[in-house]
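The values are calculated or read from the model by the stated rules, or taken from the named source; none is laboratory data. This is a predicted model, so every value here is computed, not measured. In this analysis, Cβ positions are derived from the backbone assuming ideal geometry, glycine residues included, and neighbour counts consider all displayed protein chains.
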Amino acid sequence: MSNKDHGISRRTILGCGAAALAAAGFNPANVQAQGKIPPEQLMYVAKTKTPGRFCANCLQFLGTHVKDYSELDEANPEMAECKIVAGKVAATGWCGVWSPMG
């Protein structure tokens, strides 16, 4: 079954994604100039709303990795660097480039 069977083409999906990034203020020039993307451009939050998806179980997180959210200290989360997000992020956080660890 193709996407066109539902009235949505791949081109439409990609176009909407590009428009959403532009509306959010995403600027590829910032990525090249800084090497990392500012957290606000990736919808970063210091405390996730989805305990199954958090910085400490993300492939990009450079701090201590854990598998279960209950292993984290919500009151005093570890702050560490990220491969993509500029600055330090909380182990309990989440952003739009979250990727599960393999």
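Conditions (1) β-branched (Val, Ile, Thr); (2) in contact with a Phe, Trp or Tyr (Cβ under 8 Å, 6 or more places away or on another chain); (3) at pLDDT below 70, marked per residue:
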residue	(1), (2), (3)
Asp5	no, no, yes
Phe26	no, no, yes
Val31	yes, no, yes
Gly35	no, no, no
Thr50	yes, yes, no
Leu59	no, no, no
Glu78	no, no, no
Ile84	yes, no, no
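Which one is farthest from Val85 (Cα to Cα), of the residues in segment 35-67 that are of a type in the set (D, E, K, R) and in a loop (DSSP other than H, G, I, E, B)?
Taking segment 35-67 as the starting set, the residues that turn out to be of a type in the set (D, E, K, R) are 36, 40, 47, 49, 53, 67.
Narrowing the set further to residues that are in a loop (DSSP other than H, G, I, E, B) leaves 36, 47, 49, 53, 67.
Working: Lys36: 5, Lys47: 15, Lys49: 19, Arg53: 16, Lys67: 21 Å.
So the residue we want is Lys67.
Which one of these does Ala75 not meet: (1) aliphatic (A, V, I, L, M); (2) without any contact (Cβ under 8 Å) to a residue 12 or more places away in the chain; (3) surrounded by 19 or more Cβ atoms within 10 Å (Cβ to Cβ)?
(3) is the only condition that Ala75 fails.
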